[in-house]
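See structure below.
What follows is calculated from the coordinates using simple rules that are stated; it is not laboratory data. In this text the structure is predicted, and so the values were computed from the model without any measurement. Methodologically, a virtual Cβ is constructed for each residue, glycine included, from the backbone with ideal geometry; neighbour enumeration extends over all protein chains shown.
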Amino acid sequence: MVCQTQNNYIHEWVPQKGEFLGILLELEASPEPRNYTWCGNNGVYRCLDCLHQPLFCTECCQKSHESLPFHRIQQWTGDFYEESALHMTGVQLHLGHGGAPCPHAIAQAQQAAGEPLPMDDQEWEDVEDIEENPKHLCPPVWSRYLTVVDVTGVHFIVVNWCECETAEAQYIQLLRAKLFPPMFEKPSNAFTFAVLDDFLRDNLECGTSTMNYYSKLHQITSSLFPHLIPDSYHELLWVAQKWRYLKLLKWNGFCGTTRSAEQGRLALFCAACPQPRINVDTNEDLDQ
C-alpha cells in the first residue's frame, strides 16, 4: 500500500477546484424556481443552519423553527440574499410549558388588540436610532424580548413567560429551556448551554480568551456591523465561571446530595502524586 503525502492529495484536488468553486457560487445564488417544496409558495427565506439550506415562505419558516429559534436565515430581496432574523418571521420563545404557549399568558391577547406590551426601563430603545440600523440587528419593538447568545451568534427573540399561578421564577423557566441567565431578577439576556460548553472547549483546547471568543461571536452575527451587536462580554465572564463550577459539581457527584464541596474535593485524583497512607508510608523517613 502506497502512503500518499499531503502534496499528493493537493495534486489530485487541483484539477477539481473549478467544480468546488462552481458549487460554492451556486449556493450563493437563488435557485429557480424558488418554490418551497412543502407548501409550494414562493420561498423568500433560506436557513443557513438547516441541512441543504432549504427555502421557506414566511409561515413555513416560522413553524419550522419554533424549536430552532437560533438558526441564521437570509431573505431574498429580488436581487440578492440579505441577512435576516427569525424574530422578523414571528418566531417566539414560549417558556414554562415545554415550548407551548402558556394558556394564561396575556401577551398574545394584547398584541391582537394592538396594545403595546409593558416594557421595563432597561428594555427601552430609541426607535429613531434603531430604524437606521440593519433590521436583523434591531430588537423587536414594543415587545418583551431576550438577547440570547448562542454558537450561531447573538439573537433577539420575543419571550412569553409562563404566567400560571404555579409558575416558576423566570430564571428557572430559562434554565429548563437550557438557557443560562446572568441575573435572577428580570433577566434580559441569556446564554445557551451549547455556547457555554463551546467556550469551555475553546478555552481549554485552543487557549481562547473570553474577549476573543465573544469577538468571534460578533463576527458570526455580523461581520459588517459588529459594533451594533449588544456587548455581553462581562456577562459571559460571570456565567462561564458559574457554568464551569456547576459542571465540576455534576461530574464529581455532588448533584442531589447533602454533601458540600469542601476545599480540594473537586480536584482530580492523581495516583502518581504522594498520598499519605495510600502510596506513601507515613512511618518512612523521606529525607533519607
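Values for this structure:
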| item | result |
| --- | --- |
| Stretch gain in nm, segment I220-V14, where the contour uses 0.36 nm per residue and the Cα spacing is subtracted | 71.2 nm |
| Highest to lowest packing among 157-167, 5-15, 86-96, scored as the average C-beta count within 10 Å | 86-96, 157-167, 5-15 |
| Per principal axis, descending, Cα span of the chain in whole Å | 85, 70, 36 |
| Pairwise label distance in nanometres, I23 with A271, each label 7 Å out on the Cα-Cβ vector | 4.7 |
| Where labels lie 7 Å past Cα in the beta-carbon direction, separation of N42 and K63 in nm | 2.0 |
| Peptides 74-85, 137-148, 45-56 ordered by average Cβ neighbours within 10 Å, highest first | 137-148, 45-56, 74-85 |
| 10 °C / 1.306 mPa s Stokes-Einstein diffusion coefficient of region 198-271, Kirkwood radius on C-alpha pairs, µm²/s | 108 |
| In order through region 47-57: 3J(HN,Hα) via Karplus (6.51 cos²θ - 1.76 cosθ + 1.60), integer Hz, x for Gly, Pro | 9, 7, 9, 7, 4, 6, 5, x, 8, 9, 7 |
| For region 221-234, 3J(HN,Hα) per residue [Karplus equation, 6.51 cos²θ - 1.76 cosθ + 1.60, θ = phi - 60°, Hz, x = Gly/Pro] | 5, 7, 6, 8, 10, x, 6, 8, 7, x, 8, 10, 4, 5 |
| Residue-span extension gain [E32 to F193] - 0.36 nm each, minus C-alpha spacing | 54.1 nm |
| Spin-label model distance (nm) - N203 vs C164, 7 Å beyond Cα toward Cβ | 3.5 |
| Relative compactness, region 28-90, computed as alpha-carbon Rg over 2.2 N^0.38 Å | 0.99 |
